[in-house]
Each structure stands twice: as structure tokens, then as C-alpha cells.
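Colleague: Just passing along the structure, written as C-alpha cells.
The values are calculated or read from the model by the stated rules, or taken from the named source; none is laboratory data. Everything numeric here is computed off the predicted structure, so don't read it as measured data. For neighbour counting, all protein chains shown are included, and Cβ atoms are generated from backbone atoms with ideal geometry for every residue, glycine included.
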Amino acid sequence: MAASPKRPGLLKSFFGAILRAYHPRTMREKGLLWTVTMLTILVLGIFLAIAEYWGEEPEEFDVLASAIQDAGVKNSRELPLGYTYATTLIDIGETLLYKPGGFLVNDMFPPGVFEDNMPMWEYGALTALRDATSALRNHIARAQSQSKEDPDLAQAEPFFYFDHTSWQLPSSESEYQKGIEAMMRYRARLMKREASFFSRADNLRQYLEILEKRLGSLSNRLSASAGDMSQVSTEEKRGVATKTSWWNVDDIFFEARGYSWAAIHILKAIEFDFRDILGNKTALVSLQSIIHELEDGQAPFLSPIILNGDGFGIFANYSLTLANYIARANAATIDLRNLLQQG
């Protein structure tokens, strides 16, 4: 048997070769062109490594634990209705802004400009944040459709709808931060019982109707990107639904992943803040089914690129797999909305 393992020796030789390649003496001997080439490779390697780190999807968080911590209370019974929902929207917004690399959609310079997948993930999560904020402003925080809207929510929603590609004057990040701060003011007023949150069945139906349309659209687009037109809805087939270009397949996939990630947290907040309505209408199982399907669609994938294999080939079909999870979540959403409507 060998006296020492080979791997440490190989690694030592590898890193030694790299150090010698970038040694000033080596660069002087090789000349200007060789030096510029090696430095370019080094810089690109660093940028790509950072971009890979920034491209990691954020982990899920516990919406109830986050609300309890932010409220400074000992248990969930002390939380006012809506506090968990508002905290979840704030946490989603802060995740978009303060995850590794920050908000990347509007980046104009390396290494963020090298990112392709994470910007689409961010857009999907941002869309879910916008949907939930609109439902809160226009329905959940109002006693009736004609009642006065909450002033802080009236500020928060437009800020979240600001152009997500704006780099400066103002930047997307600065506007979204203003939206987060407005949502924080609403949440603080909830704690003081100075703001409203009406956990009624009709209000929940309004959000579920938005969610249903989003999930249906994402499922259709994913199926089209996979080339499986049999799973595209009849309405889409009557339109211009065609197989998505190979270059755009990963865009739709990561947009759907981002939307699903944010929707999972929003639905978990709804599970707590609408617990009386869901319990009275035996709808809790349906809501948990939506969450379960979306969580299954968040499973990690092994390939560095999005594979859309055919039939029983050696490659998986990522888009179609995610489309199936989202389609089942959409079906459960329809069931829940119908159940709430029946009263």
C-alpha cells in the first residue's frame, strides 16, 4: 500500500501550477499577450464563480416564526390577524433585495450581468409579491369594495409595481425598499389595532382567483416550452401557443420556480390568518394540497442546464415535471375557491 494518499499530492501540484502560471516572473517570460490572456481567464473565472454563488435559490423560511420574532411576542395567539401575512410580504421583498448578490434583474455590470436564471426567478417571486399586495390593498384590508383604502397599502402597491429593470434614477431596489417600508407601517398599525385585515371567505376568493390564473398560465407556458402541446389548455391552443424557443426554456422554468417559492410562503401565511374561515369550511386540506404540490415543484435538480427530454429517453423533462406540479396546484386552487363560494 502507498505510504500517503495521492489526492493531496495532486491538489498540491495543481495549485502549484496555477501559482507558477500567475507568477510575475512567468508573465515576464511569456510576454504581454500571454499575460493578458491569463489575467482575463482569471477575472472571468472569479466572475463566473460569484455568479454561480449568487444563482443559488433562497431557502424557504418559517412564516409564523418570522412573524412571532418581528412582533416580539411569545406565541402565535398574540399576533393580530394579518400580521403574519404582512410580515411574509415584507420577508419576500427583503429576500429579493438582500439575498446574496442582491436584486440582479437590473444589473448592468459583471458579475451580475452574467446571471441568466436568477433574474427570472426574481421576476417570478416579484410577480407573486405584487399579486398578494394587490389583493391586500383592494380586498383583504377593506371592509367593503367601496370603503376607504388603507393609506400605507396605497403607497406600497405602486412601489412594488415599479419597473424591475430600472438601474438608476430611481433604481428598482430603492422603490421596492419604499414599498417594504410602507408595508412595515401597515404592519405596525395592525399591531396597534389601527389597521384592518378582514379574513373573510370572499376576500380569500379574490386572491385565489388571481393565483388560479397565474398558475394556469405558468403551467401552459411550461408545457409549451417542453413541446407537449397536449397539455396546453384549449384557450391557449386557439391563440398563438407554440413550442418555446430552446433559448427561453430556462427563463420560463425559473420564473415558475420563483413564483411558486413566493406563493408557498403567502399561502402558509393565509393558512394562519384565515384559519377560522378555512376550518369552518373544511377547506384546510385543499389549501395544504396547493402548498404541497408547489413545494414538490421546488425539489433540487441535478443538471446545470434545464433538460427537456422526450418520452422515456435518458434525459429528464424538467419543464413538463414542474408543469405537472403547478397544474395539480392549480386544480386544488380551483377546488378551494369553489368550496369557499358554496358557503
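Colleague: Consider only pairs whose beta carbons are under 8 Å apart and that are at least six residues apart or on different chains; among these, list those whose first residue lies in the range 131-150 and is under 18 Å from Leu208 (Cα atoms) and free of Cβ contacts under 8 Å to residues at least 24 places away in the same chain and whose second residue is part of a helix (DSSP H, G or I) and of a type in the set (A, V, I, L, M).
Modeller: Arg137/Leu153; Arg137/Ala154; Arg137/Ala156
Colleague: Report yes if some residue within the range 279-293 is surrounded by 15 or more Cβ atoms within 10 Å (Cβ to Cβ), among the charged types (D, E, K, R), at pLDDT below 95 and within 30 Å of Ala67 (Cβ to Cβ); otherwise report no.
Modeller: yes
Colleague: Using beta carbons and a limit of 8 Å, which pairs, at least six apart or on different chains, have the first residue in the range 83-96 and surrounded by fewer than 24 Cβ atoms within 10 Å (Cβ to Cβ) and part of a helix (DSSP H, G or I) and the second one at pLDDT 95 or above and of a type in the set (Lys, Arg)?
Modeller: Sorted first by the residue in the range 83-96, then by its partner, the pairs are Ile90/Arg187.
Colleague: Would you check if there is a residue in the range 221-239 being assigned to a helix (DSSP H, G or I), over 23 Å from the mean Cα position of the chain (by Cα), farther than 30 Å from Gln342 by Cα and at pLDDT 95 or above?
Modeller: no
Colleague: Kindly establish whether Arg214 is free of Cβ contacts under 8 Å to residues at least 40 places away in the same chain, among the charged types (D, E, K, R) and surrounded by 17 or more Cβ atoms within 10 Å (Cβ to Cβ).
Modeller: Numbers: free of Cβ contacts under 8 Å to residues at least 40 places away in the same chain: no; among the charged types (D, E, K, R): yes; surrounded by 17 or more Cβ atoms within 10 Å (Cβ to Cβ): yes.
So Arg214 fails the test.
Colleague: Related question: Against the conditions (1) more than 19 Å from the chain's Cα centre (by Cα); (2) surrounded by 17 or more Cβ atoms within 10 Å (Cβ to Cβ); (3) not β-branched (Val, Ile, Thr), where does Leu169 fall short? Just the number, please.
Modeller: Looking at each condition in turn, Leu169 falls short on (2).
Colleague: Could you please let me know if His292 is assigned to a helix (DSSP H, G or I) and in contact (Cβ under 8 Å) with a residue 12 or more places away in the chain? Can you show your working first?
Modeller: Values: assigned to a helix (DSSP H, G or I): yes; in contact (Cβ under 8 Å) with a residue 12 or more places away in the chain: no.
Against the criterion (assigned to a helix (DSSP H, G or I) and in contact (Cβ under 8 Å) with a residue 12 or more places away in the chain), His292 does not qualify.
Colleague: Mind checking which residues of the range 40-63 are assigned to a helix (DSSP H, G or I), crowded, with 17+ Cβ neighbours inside 10 Å and touching a helix residue (DSSP H, G or I) at 6+ places or on another chain (Cβ under 8 Å)?
Modeller: Let us first name the residues in the range 40-63 that are assigned to a helix (DSSP H, G or I), namely 40-54, 63.
Narrowing the set further to residues that are crowded, with 17+ Cβ neighbours inside 10 Å leaves 50-51, 54, 63.
Within the range 40-63, Ala51, Trp54, Val63 meet the criteria.
Colleague: Is it true that Asn248 is surrounded by fewer than 18 Cβ atoms within 10 Å (Cβ to Cβ), outside any loop (DSSP other than H, G, I, E, B), of a type in the set (S, T, N, Q) and at pLDDT 75 or above? Working first, answer last.
Modeller: Working: surrounded by fewer than 18 Cβ atoms within 10 Å (Cβ to Cβ): yes; outside any loop (DSSP other than H, G, I, E, B): yes; of a type in the set (S, T, N, Q): yes; at pLDDT 75 or above: no.
No: the conditions fail for Asn248.
Colleague: Something else: Please list, ordered by first then second residue, the pairs with beta carbon atoms under 7 Å, 6 or more apart or interchain, first in the range 32-59 and among the polar types (S, T, N, Q), second in a helix (DSSP H, G or I).
Modeller: From the range 32-59, the pairs are Thr35/Met27.
Colleague: Hey, any hits in the range 191-200 for a residue that's touching a residue at least 24 places away in the same chain (Cβ under 8 Å), part of a helix (DSSP H, G or I) and within 30 Å of Gln342 (Cα to Cα)? Lay out the reasoning, then the answer.
Modeller: Step one: list which residues in the range 191-200 are touching a residue at least 24 places away in the same chain (Cβ under 8 Å), which gives 191, 193, 195-200.
Next cut, part of a helix (DSSP H, G or I) only: 191.
From what is left, the residues that are within 30 Å of Gln342 (Cα to Cα) are none.
No, there is no match, as no residue in the range 191-200 is touching a residue at least 24 places away in the same chain (Cβ under 8 Å), part of a helix (DSSP H, G or I) and within 30 Å of Gln342 (Cα to Cα).
Colleague: Are any residues in the range 115-161 outside any helix (DSSP H, G or I), surrounded by fewer than 18 Cβ atoms within 10 Å (Cβ to Cβ) and of a type outside the set (Phe, Trp, Tyr), and if so, which ones? Break it down stepwise before answering.
Modeller: Of the range 115-161, the ones outside any helix (DSSP H, G or I) are 115-116, 141-150, 161.
Then keep just the ones that are surrounded by fewer than 18 Cβ atoms within 10 Å (Cβ to Cβ); that gives 116, 143-149, 161.
Asp116, Ala143, Gln144, Ser145, Gln146, Ser147, Lys148, Glu149 - these are the residues of the range 115-161 that are outside any helix (DSSP H, G or I), surrounded by fewer than 18 Cβ atoms within 10 Å (Cβ to Cβ) and of a type outside the set (Phe, Trp, Tyr).
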